[in-house]
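Notes follow the structure.
We did not get these values from a lab; they are worked out from the coordinates using the rules stated. This is a predicted model, so every value here is computed, not measured. A quick note on method: Cβ atoms are made from the backbone with ideal geometry, for glycine too, and the neighbour counts reach across all protein chains shown.
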Amino acid sequence: MGSGAAHSGGRVEYGYARASATRRSLEQQLEALRAAGIPAERVHTDGGTGGGTGGAGARDGLERLLAGARAGDTIVVHTLDRIGRNLREVLTLVGELSERGIGVRTLAGPLPVDTAGEGEGRTVRLLLALLADMDRTFAAERAAHARAAAGSAGRRVGRPVAHPAGKIEQARRLKAQGASLAQIAAETGIPKTSLHRYLADAVPPTGGNPSARTGAGAGTGPAGPRGEGEGPEAARRAERAAAVDAVKGDDEAAFGALTERHRRELQAHCYRMLGSLEESEDLVQETFLRAWRSREGFQGRSSVRAWLYRIATNACLDFLERHPRRPFPRAAGQDGQDGETLRTPPAEIRWLQPYPDRLLESVAPGETGPEAAAFGRESVELAFLVAIQHLPPRQRAVLILRDVLGWPAGETAAALETSVASVKSALQRARPAVRAHLPRRREQWAPSAPATAQERALLRRFMDAHERGDSAAFARLLSQDVRMTMPPLPFWFHGRAAVARFAADAFGLGSPLRGARWRGLPARANRQPAVAVYARPVGAGEYRAQALNVLRVEDGMIAEITVFEARLFSAFHLPPTLP
């Protein structure tokens, strides 16, 4: 396609080239892009000497290209492997670009690709998905073959043991003899922090006097500190044993009853990790499935709740590894901002969805403990959700486990299979990054208070302005620096004048709903007031769902409006139509 065709209909073709040690050189790719009619000023590169800022592994050029491309544009590459380092990464990026209305076209390779066409684009994406599934299957088979070959050769596979098996067995014998943790650590050289893990299911002495082995005063018989007499420790052991029996049993119904009571808090946890209501529902189901499959490994070293949180966190991390995504920066010159104080535009969080307040009620009724208490303290406001979506997934997990759920650093490290030092380092980086993305006056985030009479009155005025199509009355409810976003759409408006102009256009002569009648229903999302908006077009017999507006209120004024799609109404028990 020549350069003239690249501009047809206002659409733009951008070129991308990436050098690597094993593929065609950067210059060969650039020559192919020039021959395809892509001007040099629209070509982005990574690696080599073609303009990229980093080495062969850097992706700065691709990041700039993805940030600048808009719906209708096409990214042209020599071969499809230039935009990803493996098949899964290519598939993920092609899917994300497709959601944004951006096509991908290749110039060479065994399978020429052009995803811009509607029918052909779907076929190409389906083929890539099938190839990715085959790639995962082959990788699993290769790994299984490698494990079998290593086992037959007498080699151990998997993660290395942190401490010698003989030392661990010695520690278990010492515990059975009644030795204290300090004594065991001194004799074996294993730190106490590791001993807690190795000895959680070791059996302590059940009677007699172990002083002959552990020194005088180490025990006082059946009623002594390590005897089998009744007490808090004996009760905790019995409770742990009962939990282990309940989890490890083959009664699927009983297992379901044990885990189902934690569904709501686990879904809220997955929602914080992912920012998506629909994905959080899927990941809770994945968590329960993983728990059932791995129930034999449950040793009762932690509560069932903590065990499920650990599984849910890692399920979310695995999901984010398979489906990597990042906030996209917006251009600074959006329409409707003239006359306002310009700021850095908010990044696009296209996957963000609202969370019904009804799902935040009655979380694990009757339960106590740090997780249940932390849920009551935690805010799931959109401002916080947006802020933590800027964090890398593992930093996000650390922040949620430590600052939201209140887990100790050691438990967090165990859940994420990392070190305490890594957890502390991740938290030190995550906290200032979150504060940098929170709205002004919200740097110390906290839960929302229950709706006040002033807030309810503001909500009624908001619905009344909508129903009357009164953009002037609507503008009077807005703070001077109000902001409006519309995920997954890229539109955003900053300032009272800009948002008011948008409202005037929505109600005005140029609107496709000109002359429509409007109605609103109050709702609650993310511990914030919300309004479900319905419109009845001219000649229609009913009001149809249009959007869910979630409001952030500060000092009695609307400081932010986040507009979500109406397809999520069912999650809020909102009807699709009104008579």
In nanometres, the difference between 0.36 nm per residue of separation and the alpha-carbon distance of Arg325 and Glu187 is 44.8 nm
Given 0.36 nm per residue, what is the gain on full extension from Arg435 to Ala165 after removing their alpha carbon distance, in nm?
-> 92.7 nm
Highest mean packing first, using Cβ neighbours within 10 angstrom, the peptides 394-405, 255-266 sort as 394-405, 255-266
Averaging 1/r across every pair of distinct alpha carbons in the range 453-578 and inverting yields a Kirkwood hydrodynamic radius, in angstrom, of 14.7 Å
Report the FRET efficiency, 1/(1 + (r/R0)^6), for Ala421 and Val538, where r is their Cβ-Cβ distance and R0 is 45 Å, rounded to 0.05.
-> 0.10
How many nm separate the modelled label positions at Arg468 and Leu317, each set 7 Å beyond the Cα in the direction of the Cβ?
-> 5.5 nm
